[in-house]
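Worksheet: the structure to be examined is printed underneath.
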Amino acid sequence: MPSLTNAGRSRGDGAHGVRARLIILQVLVLSLVVTLFGRLWYLQIRQGEEFTKAATSNNVRSVVTNAVRGSILDDKGRPLVANRTALVVSASRTELLKMPDKGNAVLERLAGVLGMPAEEVKLKVRLCEKNVPQPCWNGSPYQPIPVTQSATTEQALAIMEHREDFPGITAEPTAVRAYPMPEGVNAAHTLGYLSPVSDDELAKQKEAGKDDLQRSDQVGRSGLERTYDVDLRGKAGVTKLAVDNLGRVTGTVSETPASPGNHLVTSIDARIQAVAEQQLLEALQRARNTFDAGNTKRNFAGDAGAVVVMDVKTGRVIAMASAPSYDPNVWVGGISKQNYEALTSPKAGVPLMPRATQGQFAPGSVFKVISTSAAAANGYSVKSNYGCPSSITVGGITFNNLESASHGDISLARALEVSCNTVYYGLSYDMWLKQGGLKGKTHPMVDMARAYGLGSPTGIDIPGEVGGRIVDQGVRRMEWEKNKDTWCKLSTDPKTPAADKIVYHENCLDGWQFRAGDAVNFAIGQGETLVTPLQMARVYAAIANGGTLWEPTIGKAVVTADGKLVREIQPEVSNQLPIDKATISYLQNALKGVSVNGTAARVFAGWPQDKLPIGAKTGTGSVANKQSTSWFATYGGPADGAQYAVVMMVSQGGTGSGTSGPSVRKIYDALFGVDEKGNIDPAKALLTAPPTVLPQINPDGSVVPAAVYSFEAPGVPAPDGARTAMAAAQTAALPPERVPYRGGRFV
């Protein structure tokens, strides 16, 4: 039996333990209370305002009203891109989700009326999320979602007359993008296209603290639509709606109306653009139907081409076309997978590719103006004669003249007229030796090509332009360092063809060298030299205007929807050619000789050369494993100064004079009103000079076309009023211009 003393001690220890545990529990409870009140203070006092704003925003939803996009106009105000009124059928996702079946029955009935698969309609009204592919809706779920932008009147009436069968469905007229194609113009590659704004663009905008883009916006993706997107897009209207916790609208918080986009006036002339496009197609067809002297068809592929008409005095582009092309309306409302594959199909010639700015081709003999400039600038007298044998041997390789023709000792001007290759072979080889041969770091013709702007983009105001390819020792070294391991491996690979092994072996050993053969080929625009048609148009424009390289532009002015000038887009000078006036004059005279006594004489037979002198150069670019590229580069205009440069290129098209030349001639006929007999009729001239004023856009949206300007007819006195009288005669002879227009429609 325990003693009383031990029992008391045990009871005392137990009481102390209970009290200790109670104290610990009280401390824990007090700590939790303090923590809770601290957190409440932090949320309600310290960050109360921030969370109040967040809670408020969670109860506000935005409905966007898209702005009407501005039009793209030609130099006289004709719409190249406008907006048309379309019947748009839309579905309210909010209303559909209130239905027991989430609106499935309504969407199926709607699909039946529209003649669309029910599944396609359902896909269009679902929301775009991270792993949800198109079609889906990228805008606010609280605004109507377009199902089709091309409903017929009958379909719209069927929906609106039976509203009880189509709750949440609307059919109403809405402005959508349209390519009206005045005068039959296409210009798809120049104008560009639109597509919905992306999540990445919205995220970047949010990071920048801006709100210019809305989820339902259409954004320019190529051409002028992209370059001038901010000007054209306008500002979307936003209506903020108050909603309850179930998503039901309880009122309007605020409303900001949409602001229409500005119009873009361009230097493109719709009628010249139409002529250029038609003549490019004729050149392609001409290539495919070429016959030799024995009436045997040569079967040139004529698979692609481009043409550029440029104002030599400003660098502004008057017309620019590429072939094959496509209908730009295919992008309106979203392009289908099938159509996109067709536009990018190699079998179809990749119609989406703009050959004028992205097509890179060997220039052939149209390059010889640059070689002539380099010779004159490096001590080779333009007054001397140079040998034009049928062939020349350099480094053990024989380089032939065109059709092995020999012309004896001739001047550089005559070498341009008859397009003698061997003259330029000899000059380039001599320059290569003087620069140190294989030890040389550069070559005068390469330097001159770069001074003419080749090897770099021209800076034209449409995106995606490429710079071509100009090769010298520096480029060789850089590419050799990058590729030598691959070349060495391929040179010993049993699977590599024997002929290719030799090339890879040479490149492996000394692929960094700019050899004599490279210099010889470079002189006539062959070898690895690649240029774009736009670059060559700028080259010939610079020769025509006395040596100024302009940065080409198409945009001319930005004007508000009610006719106020926002800004004019002024041409900018890119560079001055490093050759003296005497050399430029020599080139001008030589090129005129090409169109009178040279390879272009047949094309310009009967042309009024004394009144409208034309400088020209033909080119036939050789391409490995393909047929030759047809080039025809020109400039021309009044006797007191050329006005336009016109350059055409046809891939796998044969000779320049045979394929591209006749079409270029017809473009000049249209520009200056010249008939087949060489008579000038100012009343039939489409654009003897570009307009010097902008078309007037009235507050109601109607357009007053820019005045028609002309040079005085050569040989005709020009008293006061003569210019006005000629302009009036031209205007009277023009077909109906279908202007003014309102709302994107001709009236």
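Taking Cα atoms only, the orientation of helix 661-672 departs from the longest principal axis of the chain by about 80 degrees. On the range 506-589, 48 percent of the accessible area sits on carbon and sulfur atoms, based on a 1.4 Å probe. Using DSSP to define loop residues, name the GluC sites (Glu not before Pro) in the range 133-194 whose beta-carbon has at most 12 other beta-carbon atoms within 10 Å. Passing sites in the range 133-194 are 161. Counting only Cα atoms, the range 90-248 measures 47, 45, 29 Å along its principal axes, largest extent leading. The range 296-353 and the range 655-697 have Cα centres separated by 22 Å.
Residue by residue, the range 487-498 carries 3J(HN,Hα) couplings of 4, 5, 5, 5, 5, 10, 6, x, 7, 6, x, 4 Hz when phi is fed to the Karplus relation 6.51 cos²θ - 1.76 cosθ + 1.60 (θ = phi - 60°); x denotes Gly or Pro.
Shape analysis of the range 461-565 based on the Cα gyration tensor places the equivalent ellipsoid semi-axes at 43, 18, 11 Å, largest first. With θ taken as phi - 60° and the Karplus curve 6.51 cos²θ - 1.76 cosθ + 1.60 applied, the whole-hertz 3J(HN,Hα) list for the range 186-194 is 10, 6, 4, 6, 7, 6, x, 8, 10 Hz, x standing for glycine and proline. Around the Cα centre of the chain, unit charges on the Cβ atoms of Lys, Arg, Asp and Glu (plus for the first two, minus for the last two) sum to a dipole of about 1680 debye. For a distance above 14 Å, tell me the whole-number percent of Cα pairs in the range 205-270 that qualify. That fraction is 71 percent.
For the range 562-572, backbone phi angles converted through the Karplus equation (6.51, -1.76, 1.60; θ = phi - 60°) give residue-by-residue couplings of 9, x, 8, 6, 8, 6, 9, 9, 8, x, 10 Hz, Gly and Pro being listed as x. Separation of the alpha carbons by more than 29 angstrom is noted, of 564/684; 313/684; 439/581, for 564/684; 439/581. Checking every one of the trypsin sites (Lys or Arg not before Pro) in the range 321-383 against DSSP loop status and a limit of 12 other Cβ atoms within 10 Å picks out 383.
Rounded to the nearest 0.05, what FRET efficiency do residue 344 and residue 500 give with R0 = 25 Å and r taken as the Cβ-Cβ distance? Could you check? Calculated value: 0.30.
What separates the Cα centres of the range 90-158 and the range 418-474 is a distance of 58 Å.
Measuring between alpha carbons in the structure, the pairs from 368/441; 383/592; 210/235; 347/626; 102/124; 130/206 lying more than 20 angstrom apart are 368/441. Modelled label positions at residue 200 and residue 37, each set 7 Å beyond Cα in the direction of Cβ, lie 5.4 nm from each other. If only the Cβ of Lys and Arg carry +1 and only the Cβ of Asp and Glu carry -1, the dipole of the range 327-443 around its Cα centre is close to 340 debye. For the pair the range 229-268 and the range 541-590, the centres of their Cα atoms are 39 angstrom apart. Each Lys or Arg adds one and each Asp or Glu takes one away; over the other residues whose Cβ falls under 9 Å from the Cβ of residue 232, this sums to -1. Projected onto planes of every orientation and averaged, the convex hull of the alpha-carbon atoms in the range 276-399 covers 14.0 nm². Which of 267, 137, 335 sits farthest toward the positive end of the charge dipole of the chain, with +1 on the Cβ of Lys and Arg and -1 on the Cβ of Asp and Glu? Ranked along the dipole, the leading option is 137. Using the rule -39500 (n - 2.57) for each DSSP H run of four or more residues, divided by the residues of the chain, the 222 nm mean residue ellipticity is -11000 deg cm²/dmol. Its Kirkwood hydrodynamic radius, worked out from the mean inverse distance over all distinct Cα pairs, puts the chain at 30.6 Å. For the range 114-184, the fraction of C-alpha pairs farther apart than 14 angstrom is 69 percent. Here the contact order of the range 473-625, divided by its residue count and restricted to Cα pairs under 8 Å and six or more residues apart, works out to 14 percent. The modelled label-to-label distance for the pair residue 259/residue 383, using points 7 Å beyond Cα in the direction of Cβ, is 6.5 nm.
Other residues whose C-beta falls under 13 angstrom from the C-beta of residue 303 contribute a net charge of +4, scoring Lys and Arg +1 and Asp and Glu -1. Annotation: extensible slack from residue 154 through residue 481 equals 111.0 nm (criterion: 0.36 nm per residue apart, minus Cα-Cα distance). Accessible surface for the chain, divided over its residues, is 47 Å² per residue with a 1.4 Å probe.
The values are calculated or read from the model by the stated rules, or taken from the named source; none is laboratory data. These numbers come from a predicted model, not from an experiment. Every residue, glycine among them, receives a Cβ derived from its backbone with ideal geometry; neighbour counts consider all protein chains shown. Side chains included, ligands, DNA and RNA excluded: accessible areas come from the protein's heavy atoms. Shrake-Rupley method; radii C 1.70, N 1.55, O 1.52, S 1.80 Å.
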